[in-house]
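Quick notes on the structure that follows.
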Amino acid sequence: PLYFAESFRGVMMALQKQEGEKRRKAELEKMEALFENPLKPNLKKEAFMGPKDAPITLVEYSDFECPYCSRSAETVKVLLKKYPGKIKFIYKHLPLKFHKSAMIAAQYFEAALLQDEKKAFDYHFKIFESQKTLAKGGEKLLKKLAKELGLDTERLKRDANSGEVLLKIKSHVDEANKFDISGTPGFLVNGVPIKGAYPIEYFDHVIKRIRENNPSLFK
């Protein structure tokens with residue numbers, strides 16, 4: 001019976017692998033169709049990291065308390081290093097209701113952008129690095145991290161609750177919903193969606209295809 005249990009497990013694992021590959025293949029085929037007809041996010045008034053006219057625009061819809069998003073923050077760092085000067089990165093918000101500190105973290109990031117864009121993106125990575133204490137630490141932790149970066153915490157608290165910041169976050173959530181991005185993280189690479197914390201190879205595949213379709217972009 002042990003032998004049968006072992007071989008059954010082997011068959012099940014092989015089937016799961018097949019299923020996973022089938023699903024990946026289906027995802028890639030769906031992705032292929034979107035190269036012809038990419039999604040068009042609103043990028044007006046959005047802060048970004050990287051060169052203004054970079055050939056690749058990477059938009060992320062994310063939640064500061066989502067563990068998959070902290071993994072994807074590392075992926076973003078790797079991509080920015082791997083394609084130096086070729087990526088413009090925009091961070092948008094999709095705070096999920098069941099993450100109690102996700103919304104306040106989104107508000108604080110937007111408030112930081114109103115003070116200093118470079119520091120704000122450093123702040124965004126710092127929040128992800130401190131994610132394990134975010135749920136419990138909430139606003140107190142956000143203020144502490146901001147202070148370490150030399151941001152004005154009084155102004156930050158004020159701006160975080162302003163109508164401007166709240167409307168901007170709402171517009172990000174509405175856009176994610178419109179694009180059928182309901183979980184986090186969700187990415188658009190020049191309008192081609194990657195839904196989930198996919199490995200770097202997925203992004204490489206999309207960037208390679210964009211490069212093949214528009215070689216002049218990468219001159």
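Tabulated data for the structure shown
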| item | result |
| --- | --- |
| Any hit, region 47-55, residues being of a type outside the set (Lys, Arg), farther than 18 Å from His205 by Cβ, in a helix (DSSP H, G or I) and modelled with pLDDT under 95 | no |
| Given (1) under 22 Å from Lys208 (Cβ atoms); (2) without any contact (Cβ under 8 Å) to a residue 12 or more places away in the chain, index of the condition Met13 fails | (1) |
| Residues being part of a helix (DSSP H, G or I) and either within 15 Å of Cys66 (Cβ to Cβ) or touching a residue at least 40 places away in the same chain (Cβ under 8 Å) (or both) - total across region 117-132 | 10 |
| Matching residues, region 62-101, being in contact with a strand residue (DSSP E or B) (Cβ under 7 Å, 6 or more places away or on another chain) and of a type in the set (A, V, I, L, M, F, W, C) | Cys69, Val76, Leu79, Leu80, Ile87, Phe89, Ile90, Leu94 |
| Per-region count, region 7-30, residues open to solvent by 100 Å² or more (accessible area, probe 1.4 Å), more than 20 Å from Gly186 (Cβ to Cβ) and not hydrophobic (A, V, I, L, M, F, W, C) | 6 |
| Residues of region 31-47 satisfying the condition of being within 14 Å of Gly191 (Cβ to Cβ) and of a type outside the set (A, V, I, L, M, F, W, C) | Glu32, Glu36, Asn37, Pro38, Lys40, Pro41, Asn42 |
| Residues that are in a loop (DSSP other than H, G, I, E, B) and either under 19 Å from Tyr61 (Cα atoms) or of a type in the set (Gly, Ala, Ser) (or both), drawn from region 198-219 | Tyr198, Pro199 |
| All positions within region 80-109 that are in a loop (DSSP other than H, G, I, E, B), in contact (Cβ under 8 Å) with a residue 12 or more places away in the chain and not hydrophobic (A, V, I, L, M, F, W, C) | Tyr83, Gly85, Lys86, Pro95, His99, Lys100, Ser101 |
| Matching option when the condition is aliphatic (A, V, I, L, M) and at pLDDT 80 or above, among Leu34, Leu2, Leu28, Leu15 | Leu34 |
| Residue list for region 186-203, filter: open to solvent by 10 Å² or more (accessible area, probe 1.4 Å) and in contact with a strand residue (DSSP E or B) (Cβ under 7 Å, 6 or more places away or on another chain) | Asn190, Pro193, Lys195, Tyr202 |
| In region 109-145, the residues that are among the hydroxyl-bearing types (Ser, Thr, Tyr) and over 17 Å from the mean Cα position of the chain (by Cα) | Thr133 |
| Options Glu74, Glu60, Glu65: the member that is acidic (Asp, Glu) and open to solvent by less than 10 Å² (accessible area, probe 1.4 Å) | Glu60 |
| Every residue from region 133-181 that is in a loop (DSSP other than H, G, I, E, B) and in contact (Cβ under 8 Å) with a residue 40 or more places away in the chain | Asn161, Ser162, Phe179, Ile181 |
| Extreme residue, surrounded by the fewest Cβ atoms within 10 Å (Cβ to Cβ), among residues of region 144-185 that are closer than 30 Å to Glu27 by Cα and in contact with a helix residue (DSSP H, G or I) (Cβ under 6 Å, 6 or more places away or on another chain) | Ile169 |
| Residues located in region 87-129, provided they are open to solvent by 50 Å² or more (accessible area, probe 1.4 Å), in contact with a helix residue (DSSP H, G or I) (Cβ under 6 Å, 6 or more places away or on another chain) and aliphatic (A, V, I, L, M) | Leu114 |
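The values are calculated or read from the model by the stated rules, or taken from the named source; none is laboratory data. What you see is a predicted model, and the numbers here were worked out from it, not measured in a lab. Cβ sites come from the backbone with ideal geometry, for glycine too, and all protein chains shown count toward neighbours. Keep in mind that these areas ignore ligands, DNA and RNA; they rest on the heavy atoms of the full protein, side chains included. Shrake-Rupley method; radii C 1.70, N 1.55, O 1.52, S 1.80 Å.
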